[in-house]
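A short worksheet on the structure shown next.
The values are calculated or read from the model by the stated rules, or taken from the named source; none is laboratory data. As the structure is a prediction and not an experimental result, all values here were calculated from the model. Virtual Cβ from ideal backbone geometry, glycine too; neighbours counted across all protein chains shown. Please note that ligands, DNA and RNA were not included when accessible areas were found on the heavy atoms of the full protein model with its side chains. Shrake-Rupley method; radii C 1.70, N 1.55, O 1.52, S 1.80 Å.
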Amino acid sequence: MKSPLLSLPGAVPAEGVDEGVAAHYGDLFREQRALADGTGFVDLSHRGVVTVTGDDRLSWLHLLLTQHVSDLPAGQATEALILSANGHIEHALYLVDDGTTVWAHVEPGSQEALIAYLESMKFFYRVEVADRTADTAVVHLPAGSIAQAPASAAVRETPYGRDLFLPREELEAFAAEAGPAAGILAHEALRVEQHRPRLGFETDHRTIPHELGWIGTAVHLQKGCYRGQETVARVQNLGKPPRRLVFLHLDGSEVHLPPNGAEIRLADDGPDGRKIGFVTTSVRHHELGPVALALVKRNVPVDARLMAEDTAAAQETVVEP
């Protein structure tokens, strides 16, 4: 879904999964600094929006999600996952209940598969699931922003800022009041700095929550059964995940960033060394320079010097070995 804010001055369209919104508006670092200072907004109107209504919405979702939501207070933000039977991550939901409706935003284009799964699990519960992407736009206000949320918007407030579920017809009017606009690249740079994983970037077909640090933030360990819980409990109580998320400081003398999926090797093993991981998201940060998130094998020493393709990288621990 193409955002009308692509008509703003300087807007450069994003590509790939984030197609439909602006990558930036002409000055990537200025946009990052504005968000870090608590000003401006990010157009996330390409993201999928799903709602659940009905008297049983929270108790029903509690049975399906990794998060404890049966008693979720109105207005309290949370995030949750849906896992496969083997415990692999299939969906990530960023949600809030406004007292009558659960609002969730998800990765662009993933809402149809999510809704199909939810519909298959309704049974006798008093719930209604709807795709609201066509009439609802997600907008992000950074932490510290004093911009007013319209009364028509559902608000999801987190330590990183507020996500607004805004009627899509109000998006342009809101942008005129809430500027300056920042692109998705600025948003991604701050996400990487904050070590926050993103579905489809930090995940592949076999990712489990422990590898990304999603235990606690998106996975509640003291709740009842849900699909994939056996894997979560077994790894938590009896073992360690096979991989771990790391934060990389990349050699700033390189012109090009290693792309997502770039193979990581031990620097001491040279270019023919065995693959020990891969880059998941690489960005240019306004203060830290080129940085990245990556998945590496759990037994990689935390002080090992790494190479992301041809780029030297020093690691910071995100998930403990």
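Take the chain, connect every pair of alpha-carbon atoms lying under 10 Å apart with a spring to form a Gaussian network, then pick out the residue of 192, 302, 102 with the largest mean-square fluctuation.
302
Debye sum, Cα scatterers, segment 79-174, no solvent: what log₁₀ I/I(0) at q = 0.24 1/Å?
Ignoring solvent entirely, the Cα scatterers give -1.40.
Taking every pair of alpha-carbon atoms in segment 1-122, what share in percent sits in each 10 Å bin, from 0 to the bin with the longest distance?
Taking all Cα pairs of segment 1-122, the binned fractions are 12, 35, 29, 20, 4 percent.
From the P(r) of segment 161-265, could you give the percentage of C-alpha pairs in the tail past 20 Å? If you can, show how the numbers build up before the last one.
Working: 3165 of 5460 pairs.
Percentage above 20 Å: 58.
Using +1 on the beta carbon of Lys and Arg, -1 on that of Asp and Glu, and nothing else charged, what's the dipole of segment 47-154 about the Cα centre, debye to 20?
80
Find the accessible area per residue for segment 43-137; the probe is 1.4 Å, ligands and nucleic acids are left out, and the unit is Å².
So segment 43-137 comes to 37 Å² accessible per residue, rounded to a whole number.
Can you find, among 308, 66, 137, the residue farthest towards the positive end of the dipole of the chain? Put +1 on the C-beta of Lys and Arg, -1 on that of Asp and Glu.
The listed residue farthest towards the positive side: 66.
Accessible area per residue, 1.4 Å probe, Å², for segment 163-321: what's the number?
Spelled out: the 1.4 Å probe surface of segment 163-321, per residue, equals 46 Å².
Which FRET efficiency, nearest 0.05, do residue 170 and residue 53 yield, Cβ-Cβ r, R0 22 Å? If you can, show how the numbers build up before the last one.
Working: r = 21 Å, r/R0 = 0.96.
E between residue 170 and residue 53, to the nearest 0.05, is 0.55.
For residue 112 and residue 320, what is the calculated FRET efficiency with R₀ set at 51 Å and r taken between the beta-carbons, to the nearest 0.05? Can you show the working numbers first?
Working: r = 36 Å, r/R0 = 0.71.
Efficiency, rounded to the nearest 0.05: 0.90.
So for the chain: antiparallel DSSP bridges make up what percent, rounded to the nearest 5?
Numbers: 64 of 68 bridges.
Of the beta bridges lying entirely in the chain, close to 95 percent run antiparallel.
Can you bin every Cα-Cα distance in the chain into 20 Å intervals starting at zero and give me the percent of pairs per bin, rounded to whole numbers?
P(r) over the chain, rounded to whole percents: 31, 58, 11, 0.
Total Lys pairs in the chain closer than 30 Å by alpha-carbon, pairs eight or more apart in sequence or interchain only?
Summing the qualifying lysine pairs gives 6.
Amide H neighbours of residue 83 under 5 Å, counting only residues 5+ apart in sequence or on other chains, H built in-plane at 1.01 Å?
HN-HN under 5 Å from residue 83: 90.
Quick one: with all protein chains in place, what share of the accessible area of the chain is carbon or sulfur, to the nearest percent (1.4 Å probe)?
After summing per-atom areas, the C and S share lands at 51 percent.
Could you order 117, 125 so the one with the most accessible surface comes first? Probe is 1.4 Å.
Details: 117 35, 125 65 Å².
Largest accessible area first, the list is 125, 117.
Mind ranking 309-317, 42-50, 79-87 by how tightly packed they are, going by the mean number of other C-beta atoms within 10 angstrom, highest first?
By packing density, highest mean first, the sequence is 42-50, 79-87, 309-317.
Sequence gap at least 6, Cα distance under 8 Å: using those rules, report the relative contact order of the chain to the nearest whole percent.
18
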